[in-house]
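Below is one structure, written out as structure tokens; comments come after it.
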Amino acid sequence: MSQLIECVPNVSEGRRPEVVDALWEALGCEPGVVRLDRSSDASHNRTVFTIAGSARAVRGAVLRLFEATLAHVDMREHKGEHPRMGAVDVVPFVPVQGCDLAFCADLAREVAAEVASRFDLPVFLYAEAASHPGRKVLASIRKGEFEGLAEKLAKPEWQPDFGPAAPHPRAGATAIGARPFLIAYNLQLDTPRVQVAQAIAKAVRASGGGLPHIQAMGVDLAERGCAQVSMNLLDFEKTPIYRIQELVKAEAARYGARVVDSEIVGLVPQAALAESAAYYLQAGNWSPDLVLEERIRKEREAGQALTDLSVADFAAKLGSSDVTPGGGSAAALAGALGGALVGMVGHLTLKPRYEDVRETAEHLRDEGAHLQGELLEAVDADTEAYQGVVAAMALPRENDAEKAARSAAIQEATKAAAEVPLASARKALAAAELSLSALTHGNSNAASDAGVGGLLALAGLEGALLNVAINLGSIKDADWAKERADEAAALLARSGELRAELWKLLPERIPDVARFVAPDLADARAR
């Protein structure tokens, strides 16, 4: 999977739509970031934004948000029901895929340091990024709010993690951290008495002896004529929505009140809603597989070939802790990319000014595409071959017959694991040979493409041979192994020759290459 991080910045502005619009636009100016949701509350005078993207994208978007917010929000004029200490009050990073909490904590520290430096803001690290246990809980950091910030920062134990030990005059301070999914969930009561909501909040929150992983407070929603129990569900898997809902209803009944409405602020994982739906449906056979979309997703993933993945997802899968895909698949992909570039040069050479080499251009186009296709098939074939070895090793060996069958199966699977990359090496060699033709006869404007194609094909060839070698050592059939080893040696020798030819030809086709590739360096590369 590609890297995906959710970021949910909370801004102290929820009453001026034109300002919220400006902040939303600022978030959208960062390339690669996806804006998912915005939720404003006039009583709280607060807006929660939800964005997602790579670490680089969300980092850039957060910096843009700070810049825009500091231009529009002045905490000296801010009033609202929700506790707050800064214009951009809190910025959590949440791992979604391709990363974990530790990664997001490191990201939080990097962003915090830059925010403090660029905007002269005191920044506290919280949750998984906290510098010490006393700062893990956001409420502890925010206690005293904006109005008490100067006094708080003057205390040695409350020096910020980054930035000055004094509040920014307009923007106060901010907290930046990393956490799991948090669900902001509010329940409205049929009473305007905020004391009732406060009593219920105290009874249900973890710090009051209520449910674990729950933060709660009572809020007066004067404009709606009711009181609200405003909650953060810190771990919906351990304390699901339906459990907190039922407890709030039971506590409200003690005071003659009822829950009349609920709201989710921001976004919520599908699993959180599915579990609550199953509870209220009283579905005895409940399983996530009963959800149509979840079942379709699992079936698609189960039958998905590596070559069906996006480039980013393939790279993430390659860089994960899984043993497949590995070097053999990567080598095949490098060869396929080499073939693709050869085909590209062929296409670009099919122009009137290159009419005299039209037949060559057509051959480059067609054969490049053919090799690209065959090497792409090898990307999955290499992984399947390795999995065959793993399956053979898992065979039972309780008696002599089973041991013999297992040993034979391992040998056959290992031979296949050597044959697949050997075949890849042959095809990659063919792509490398074609790249020289593309460089010699192809469109001069595509000379660099031909050169890159050749280098990728050679990398695929040599990488595939490494995977041949690592399997040959386990094969007991000496004659079979020697025959493949001899072919591998010949392929490697030809690879060295082609590399020398390529680096000799490149300065001729791209003269400026000579500026940084001296003849002796070219010789060294060839060796």
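The values are calculated or read from the model by the stated rules, or taken from the named source; none is laboratory data. Keep in mind it's a predicted model, so treat the numbers as computed, not measured. With ideal geometry, Cβ positions are generated from the backbone for all residues, glycine too; neighbour counts draw on all protein chains shown.
Values computed for the structure shown
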quantity	calculated
Residue check for GLY496: assigned by TED's automatic domain parsing to the domain that holds VAL323 and free of Cβ contacts under 8 Å to residues at least 60 places away in the same chain	yes
Residue, surrounded by the most Cβ atoms within 10 Å (Cβ to Cβ), within the range 224-273, restricted to residues that are acidic (Asp, Glu) and under 21 Å from ALA199 (Cα atoms)	GLU251
Members of the range 257-287 that are part of a helix (DSSP H, G or I) and either charged (D, E, K, R) or touching a residue at least 24 places away in the same chain (Cβ under 8 Å) (or both)	GLN270, ALA271, ALA272, LEU273, GLU275, SER276, TYR279, TYR280
Where TRP480 falls short, out of the listed (1) within 41 Å of the chain's Cα centre (by Cα); (2) in a helix (DSSP H, G or I); (3) in contact (Cβ under 8 Å) with a residue 40 or more places away in the chain	(1)
Cross-chain or 6+ apart pairs with Cβ under 8 Å, the range 442-466 first and assigned to a loop (DSSP other than H, G, I, E, B), then at pLDDT below 95 and among the basic types (Lys, Arg)	ASN443/LYS351
Enumeration of residues in the range 22-41 that are within 17 Å of ALA87 (Cα to Cα) and either in contact with a strand residue (DSSP E or B) (Cβ under 9 Å, 6 or more places away or on another chain) or not assigned by TED's automatic domain parsing to the domain that holds GLY60 (or both)	LEU23, TRP24, LEU27, ARG38, SER39, SER40, ASP41
Pairs with Cβ under 8 Å, 6+ apart, first in the range 369-385 and closer than 10 Å to THR307 by Cα and of a type outside the set (A, V, I, L, M, F, W, C), second surrounded by fewer than 22 Cβ atoms within 10 Å (Cβ to Cβ) and at pLDDT below 95	GLU377/THR307; ASP380/ALA305; ASP380/LEU306; ASP380/THR307
Filter result for CYS99 (in contact with a Pro (Cβ under 6 Å, 6 or more places away or on another chain) and crowded, with 18+ Cβ neighbours inside 10 Å)	no
Counted residues, the range 127-152 - those being basic (Lys, Arg), in contact with a strand residue (DSSP E or B) (Cβ under 7 Å, 6 or more places away or on another chain) and part of a loop (DSSP other than H, G, I, E, B)	1
Any hit, the range 191-199, residues being touching a strand residue (DSSP E or B) at 6+ places or on another chain (Cβ under 7 Å) and among the hydroxyl-bearing types (Ser, Thr, Tyr)	yes
Single unsatisfied condition, ASP220 versus (1) touching a helix residue (DSSP H, G or I) at 6+ places or on another chain (Cβ under 8 Å); (2) closer than 20 Å to VAL137 by Cα	(2)
Among the candidates GLY134, GLY172, GLY210, GLY177, residue that is at pLDDT below 95 and surrounded by 16 or more Cβ atoms within 10 Å (Cβ to Cβ)	GLY210
ALA139 over 35 Å from the mean Cα position of the chain (by Cα) and not assigned by TED's automatic domain parsing to the domain that holds ALA222	no
Options ALA428, ALA392: the member that is part of a helix (DSSP H, G or I) and at pLDDT 95 or above	ALA428
Top-ranked residue of the range 437-457 - restricted to ones that are buried (at least 24 other Cβ atoms within 10 Å of the Cβ) and not small (Gly, Ala, Ser), ranked as nearest to GLN372 (Cα to Cα)	LEU456
Every residue from the range 63-93 that is buried (at least 20 other Cβ atoms within 10 Å of the Cβ), touching a residue at least 60 places away in the same chain (Cβ under 8 Å) and of a type in the set (A, V, I, L, M)	VAL73, MET75, MET85, ALA87, VAL88, VAL90, VAL91
